Amino acid sequence: MWIIIKHKKKELNSLKRDIFNKVGRDVKFYIPMLNLKFFDKKKIVNLNKPLLGDYIFCHHPNFNKVNFQNLIIYSRGLKYILKDYLTSQNEINVFIERCVSFENKNGFITQDFFDFKNNKKFKFFSGPFTNFVFDLV
């Protein structure tokens, strides 16, 4: 059972340690990472950033039990747990599998993850162009 946790930016390691202490060592964490390379003042800078900002995926078989979930609610570094994760397990698994399939040998998400297919129609779901269909050239 996967849950999605929002954590405090500088307390990720203490959050992981606290969850390990409360739940046990059979907890898995997944944080999709990007390796960004850009020029800054005539030199190349490598920057490792999480794809989802301060959200991480946490897996344990017993997270579907409310009492088990209450163990980690007051963990150090935890802001909150996203609601409705029970009904979204299929979507979470598909997203994690897609991220893992686009990782390189160093564990970073490759650029192919973001590529769109040319000549495909897209639709805006929010904003001033809601329900307008457009082509990506």
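Return one whole number: the accessible area per residue of the chain in Å², for a 1.4 Å probe.
Values: 10010 Å² over 137 residues.
Averaged over the residues of the chain, the accessible area is 73 Å².
Taking every protein chain into account, the 1.4 Å probe leaves L82 with about 60 Å² of accessible area, to the nearest ten. Karplus-derived 3J(HN,Hα) values for the stretch 41-50, using 6.51 cos²θ - 1.76 cosθ + 1.60 with θ = phi - 60°, are 6, 6, 9, 8, 10, 9, 10, 9, 10, x Hz; glycine and proline are entered as x. Listed values for the stretch 24-40 are Karplus-derived 3J(HN,Hα) couplings in whole Hz (6.51 cos²θ - 1.76 cosθ + 1.60, θ = phi - 60°), namely x, 7, 8, 8, 10, 10, 9, 10, x, 10, 10, 10, 9, 10, 8, 8, 9, and x replaces Gly and Pro. For volume of the Cα convex hull per residue in Å³, the value calculated from this model appears in [x] 182; [y] 125; [z] 114 under label [x].
Charges only on Cβ, +1 for Lys and Arg, -1 for Asp and Glu: so what's the dipole of the chain about the Cα centre, in debye to the nearest 20? Present the calculation step by step, with values, prior to reporting the outcome.
Numbers: 24 positive and 12 negative charges, 113 e Å.
Charge dipole of the chain: 540 debye, to the nearest 20.
What percent do you get for the relative contact order of the stretch 1-133 when only Cα pairs under 8 Å and 6+ apart count? Relative contact order comes out at 31 percent.
Extension gain for N21-F124 works out to 32.6 nm (0.36 nm per residue, less the C-alpha to C-alpha distance).
Strictly over 20 Å apart at the Cα level, which of K10/K105; K8/K49; K37/K79; K9/K79; K9/K105; K28/K65 would you flag in this model? Show your work: numbers first, answer last.
On the way: K10/K105 27 Å; K8/K49 15 Å; K37/K79 30 Å; K9/K79 10 Å; K9/K105 26 Å; K28/K65 17 Å.
Distance filter (> 20 Å) returns K10/K105; K37/K79; K9/K105.
Applying the Karplus relation 6.51 cos²θ - 1.76 cosθ + 1.60 with θ = phi - 60° to the stretch 108-113 yields 3J(HN,Hα) values of 9, 5, 8, 5, 4, 4 Hz, where x marks Gly and Pro. Taking the helices alone, the chain has a mean residue ellipticity at 222 nm of -6500 deg cm²/dmol, built from -39,500 (n - 2.57) per DSSP H run of at least 4 residues and averaged over all its residues. Helix 12-23 axis versus longest C-alpha principal axis of the chain: approximately 40°, rounded to the nearest ten. Cut-off under 15 Å on the C-alpha distance; same-chain residues fewer than 8 positions from K120 excluded. Which aspartates and glutamates are left, in chain and number order? Filter leaves D135. Among the protein heavy atoms, those of V66 account for about 100 Å² of accessible surface (1.4 Å probe, every chain in place).
The values are calculated or read from the model by the stated rules, or taken from the named source; none is laboratory data. Please read these numbers as outputs of a predicted model, since none were measured by experiment. A quick note on method: Cβ atoms are made from the backbone with ideal geometry, for glycine too, and the neighbour counts reach across all protein chains shown. What goes into the accessible areas is simple: the full protein's heavy atoms, side chains included, and nothing from ligands, DNA or RNA. Shrake-Rupley method; radii C 1.70, N 1.55, O 1.52, S 1.80 Å.
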